[in-house]
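S.K.: Here it is, the structure, as structure tokens.
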Amino acid sequence: MKPKEKKPEIVFRVINKETGGACGSYSRAYCDEFDFTLPEEATAANVHDIFKDKTKYKIAKYRVIYELIDDDVDGK
């Protein structure tokens with residue numbers, strides 16, 4: 001997904017089991033990408049196949065929710 005695209009309702013992220021943090025994958029087309037549309041896409045995001053190592057990484061499934069907090073932050 002390109003950075004300015006609205007995310008789909010469900011996304012998948014590669015998670016480092018040791019740190020619990022999400023792992024991004026860099027590409028010139030997408031910059032640093034953390035959210036993927038399919039688990040297979042997340043696993044294959046690194047050209048060196050490091051995300052396929054199930055002892056170090058797992059794929060987590062997230063629901064993306066957009067919550068409106070203020071519909072006019074510049075208005076008075």
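The values are calculated or read from the model by the stated rules, or taken from the named source; none is laboratory data. Computed from a prediction, not measured in an experiment: that's the story for all the values here. Positions of Cβ are backbone-derived with ideal geometry, glycine not excepted, and every protein chain shown enters the neighbour counts.
S.K.: Of all residues in region 28-61, count the ones that are outside any helix (DSSP H, G or I), at negative phi and exposed (fewer than 12 other Cβ atoms within 10 Å of the Cβ).
M.R.: Number of matching residues: 9.
S.K.: Can you name the residue in region 3-27 that is surrounded by fewer than 17 Cβ atoms within 10 Å (Cβ to Cβ) and in contact with a Cys (Cβ under 8 Å, 6 or more places away or on another chain) and is also modelled with the highest pLDDT among such residues?
M.R.: N16
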